[in-house]
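J.: Here it is, the structure, as structure tokens.
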Amino acid sequence: MATEPTRRTLLLRSGWQTENIGDIAHTAGVLRLLEELLPHHRAILWANALERGVEPMLHRRFPQVEIVSGKLDAKHGPDNDSLANAVEQAHLLLHGSGPSLVASRDVEAWLAFTGKPYGAWGITTQTPDDRTRRILSQAAFIYTRETKSLDHLKDAGVEQPVRAFCPDGTFAIDLRDEDRAAAFMESHGLEEGRFICVVPRLRVTPYYKFKPRVKWTEEKIHSVTELNEKWAELDHAKAREAMIRWVRETGNKVLACPEMTYELDIIQELLIDPLPDDVKPHVVRREEYWLPDEAGSVYRRARAILSFECHSPIIAFAHGTPAIYLRQPQDTIKGQMWYDIGVPKWVFEIEQTDGDQVASRLMDIHNNHDTALAYLNDAMSLAETRFTQAARQIDRFLQTL
């Protein structure tokens, strides 16, 4: 008779910010993976940010998951009873997907205060400094969301029992808000399968404009503004070329929408105002920020997604919709994951791309949709295989505790 696996508790550190549906989606994706691939273990979410309706959204999908927040001090421990109980019960701290070891200070405090192990699932590590290298060297396992990070870990001298590629947890997201999506689409005349979504992005996210705690020097603000202004029109003209061709060849609509809150302010200027007069009436501007459940339900109904942001295409993939990622060189090495999961045809290095190439690939997806869906399914199968392999390794480790 097979031995029943020992039940362990994982404390998932995630939810980096709510100004970005990608950062929200990390959490929901990893929670689903834990639910489906490690069902005999218990997950507690230690969330960094829960505003904008994120907490009730997560509760609706994961009612069994306890959610805690707060800070952990290396000497004095948690700053509230809920977090204290979670820290006491947890056998392992699991750092969720993100652009780096985002919660490195929390991991450091966890190791010092509890002495219990931690691991990372789906992170990017880009030239880790000495402090980060030291923390990563104490991990039980490190799964990076693209393969270039594995090279960086090796170059930094980080050698763990398990270091492997495992895609961003967002590939597993299944959050939906069908009612809200249907109402939005009806109010704007968007018909299922007869519109595309286009997401803008500046080269460097101007965090100082919308996150009060971010304090940039005047020199940095000037440098970032200058860089963004240099490329904004050049980049988005290529997306607009695809929008124009889509509208003129299909007669269908375009939804210009955000992944981050600040993008609501650039949609009109960069995606709509420069369009020809015959195209503008076919473009719908999303005027309010949304959460990944509504966005996912809208993306699911779209013909394709065209995005300068990385995570809207991933959310689209998770819901079965083809997507093209227009990759800007400033957007870290995370874009490597598109090559790693086997969709090189759907990622364009923006400075090596012209608008006609983007438009042609979009129309190819539209005109050969069954082929595009098969291409997408192959990528998702690879992601699921990697998720399963990682979960099995994590489970084996948990059984040793």
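J.: Please state the Cα pair-distance histogram of segment 185-258 with 10 angstrom bins from zero: what percent is in each bin?
T.: Distribution as computed: 16, 35, 24, 19, 6 percent.
J.: Something else about it: How high is the relative contact order of the chain, given as a whole-number percent (alpha carbon pairs under 8 Å, six or more residues apart)?
T.: Relative CO of the chain lands at 17 percent.
J.: Give me the dipole magnitude in Debye, nearest 20, for the chain about the Cα centre, with unit charges on the beta carbon: positive for Lys and Arg, negative for Asp and Glu.
T.: That gives a dipole near 980 debye.
J.: Can you figure out the FRET efficiency of residue 138 with residue 204, using R₀ = 41 Å and their beta-carbon distance, to the nearest 0.05?
T.: So, using R0 = 41 Å, E works out to roughly 0.85.
J.: Beyond 30 Å, what share of the Cα-Cα pairs of the chain is found? Please give it as a whole percent.
T.: 41 percent
J.: May I pose another question? Only four residue types carry charge here, +1 at the Cβ of Lys and Arg and -1 at the Cβ of Asp and Glu. Report the dipole size of segment 126-217 about the Cα centre in Debye, rounded to the nearest 20.
T.: Around 740 debye, computed over segment 126-217.
J.: I would also like to ask the following. If you find the alpha carbon centre of segment 326-401 and of segment 74-111, how far apart are they in angstrom?
T.: Each part's Cα centre sits 31 Å from the other's.
J.: Continuing with this model, one more query. If you average the C-alpha positions of segment 276-323 and of segment 195-240 separately, how far apart do those two centres end up, in angstrom?
T.: Cα centroid to Cα centroid, the span is 19 Å.
J.: Something else now. Counting only DSSP beta bridges with both residues in the chain, tell me the antiparallel percent, nearest 5.
T.: 5 percent
J.: Here is a further query. Mind listing the long-range amide H neighbours of residue 66? Cut-off is under 5 Å, sequence gap 5 or more, other chains count too, H placed in the peptide plane at 1.01 Å from N.
T.: Sorted by chain and number, the residues that satisfy this are 45.
J.: Here's something else I'd like to know. Can you tell me the dipole magnitude for segment 178-367 around its Cα centre, using point charges on the Cβ only (Lys, Arg +1; Asp, Glu -1), in Debye to the nearest 20?
T.: Charge dipole of segment 178-367: 300 debye, to the nearest 20.
J.: Tell me, what is the percent relative contact order of segment 215-288, built from C-alpha pairs under 8 Å that lie six or more residues apart?
T.: 33 percent
J.: Next up: Note the angle between two axes, namely the Cα long axis of helix 355-367 and the longest principal axis of the Cα atoms of the chain, as a number of degrees from 0 to 90, rounded to the nearest 10.
T.: Tilt relative to the chain: about 80 degrees.
J.: Leaving out same-chain residues fewer than 8 places away, which aspartates and glutamates sit with a Cα under 12 Å from that of residue 116?
T.: Cross-link targets: 88, 108.
J.: Around residue 123, which amide H atoms from residues at least 5 apart in sequence, or from another chain, sit under 5 Å from its own amide H, with H modelled in the peptide plane?
T.: Residues meeting the criterion, in which the H sits 1.01 Å from N, are 98, 143, 144, 145.
J.: Give the angle, between 0 and 90 degrees and rounded to the nearest 10, that separates the Cα long axis of helix 369-398 from the longest principal axis of the Cα atoms of the chain.
T.: Result, in degrees: 10.
J.: Identify, among 358, 16, 157, the residue whose Cα sits farthest towards the positive end of the charge dipole of the chain, taking +1 on the Cβ of Lys and Arg and -1 on the Cβ of Asp and Glu, with the dipole about the Cα centre.
T.: So the residue furthest toward the plus end is 157.
J.: Give the lysines reachable from residue 215 as a straight Cα distance under 28 Å; neighbours fewer than 8 places away on the same chain don't count.
T.: Counting by Cα, and skipping residues close in sequence, residue 215 has these lysines nearby: 71, 75, 230, 334.
J.: Work out the charge dipole of segment 178-367 with +1 on the Cβ of Lys and Arg and -1 on the Cβ of Asp and Glu about the Cα centre, then indicate which of 204, 317, 183 is farthest towards its positive end.
T.: 317
J.: Could you list which residues have their amide H under 5 Å from that of residue 156, counting only those 5 or more apart in sequence or on another chain, with H placed in the peptide plane?
T.: none
J.: What does the helix-only formula give at 222 nm for the chain: each DSSP H stretch with n ≥ 4 adding -39500 (n - 2.57), the total divided by the residues, and the result rounded to the nearest 500 deg cm²/dmol?
T.: Calculated mean residue ellipticity at 222 nm is -13500 deg cm²/dmol.
J.: Antiparallel as a % of all DSSP beta bridges within segment 230-373, to the nearest 5?
T.: Restricted to segment 230-373, the bridges split so that about 0 percent are antiparallel.
J.: Just the Cα atoms of segment 178-367, one point each, no solvent: what log10 I(q)/I(0) does Debye give at q = 0.11, 0.12, 0.18 Å⁻¹?
T.: -0.46, -0.55, -1.26
Each reported figure results from applying straightforward, stated rules to the coordinates on display, with no laboratory input. Predicted, not measured: the structure shown is a model, and the values here were computed from it. Because the Cβ atoms are built from the backbone with ideal geometry, glycine has one as well, and the counts that use them run over all protein chains shown.
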